[in-house]
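A short write-up of the structure that comes next.
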């Protein structure tokens, strides 16, 4: 292995290939690979070994252990690809139905109601709601950005949501 790593010795690589490729192929067959896949995995493993020979550490593992680990990882990668087929974005199941005019109108009206309801909040509460719902920040992130204690942010959020429920939907304040 050292000769392959240090000098790119093709004869040393050929000897390793003759020794390990059939064993790698047999191992892949035992793991359920087809003959063609087992052959391909053995060749890919040996090619990786050739490219990464300098990274091989004989104190960490035997050559066979290193090669069989590479082969095993290649096989796992192949199985994972089979379990997650590529998505066809042209598949009709991925198209969304166009939004109907009444849905668009409802969404626009609801957005306006939310904006009007937010105007009833104090500036601090409104800003907390905007950062949370429009910017997607967590309460901890809001506290970090504003320099406020987390408890203050939580209180503002709770009070703001209570007022929004009351003003926007006409609900009464829930008991504390």
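Looking at residue 138, is it modelled with pLDDT under 85 and under 29 Å from the mean Cα position of the chain (by Cα)? The answer is no for residue 138.
Of all residues in the stretch 112-148, those satisfying the criterion of being touching a helix residue (DSSP H, G or I) at 6+ places or on another chain (Cβ under 7 Å) and not in a helix (DSSP H, G or I) are 120, 121, 137.
Annotation: of all residues in the stretch 128-145 being in contact (Cβ under 8 Å) with a residue 12 or more places away in the chain and buried (at least 16 other Cβ atoms within 10 Å of the Cβ), the one that is nearest to residue 165 (Cα to Cα) is 129. Among 123, 102, which is the only one that is exposed (fewer than 12 other Cβ atoms within 10 Å of the Cβ) and modelled with pLDDT under 90? So the residue among 123, 102 that is exposed (fewer than 12 other Cβ atoms within 10 Å of the Cβ) and modelled with pLDDT under 90 is 102. Taken together, the residues in the stretch 10-24 that are closer than 14 Å to residue 43 by Cβ and surrounded by fewer than 16 Cβ atoms within 10 Å (Cβ to Cβ) amount to 4. Only one entry in 72, 23, 107 is part of a helix (DSSP H, G or I) and outside the structural domain of residue 10 (by TED's automatic domain parsing), namely 107.
Within the stretch 162-176, being touching a helix residue (DSSP H, G or I) at 6+ places or on another chain (Cβ under 8 Å) and either in a helix (DSSP H, G or I) or at pLDDT 95 or above (or both) holds for 163, 164, 167, 168.
Residue 65 - would you say it is under 31 Å from the mean Cα position of the chain (by Cα), assigned to a helix (DSSP H, G or I) and surrounded by fewer than 16 Cβ atoms within 10 Å (Cβ to Cβ)? Answer is yes for this residue. For residue 41, the conditions (1) in a helix (DSSP H, G or I); (2) surrounded by fewer than 16 Cβ atoms within 10 Å (Cβ to Cβ) are fulfilled apart from (2). Residues that are touching a helix residue (DSSP H, G or I) at 6+ places or on another chain (Cβ under 9 Å) and on the phi < 0 side of the Ramachandran plot: does the stretch 101-109 have at least one? Looking through the stretch 101-109, none of the residues is touching a helix residue (DSSP H, G or I) at 6+ places or on another chain (Cβ under 9 Å) and on the phi < 0 side of the Ramachandran plot. Taking first residues from the stretch 75-92 that are closer than 25 Å to residue 44 by Cβ and not assigned by TED's automatic domain parsing to the domain that holds residue 26 and partners that are surrounded by 10 or more Cβ atoms within 10 Å (Cβ to Cβ) and at pLDDT below 75, no Cβ contact under 9 Å between residues at least 6 apart in sequence or on separate chains turns up.
The values are calculated or read from the model by the stated rules, or taken from the named source; none is laboratory data. Computed from a prediction, not measured in an experiment: that's the story for all the values here. All Cβ positions, even for glycine, are placed from backbone atoms using ideal geometry, and neighbour counts span all protein chains on display.
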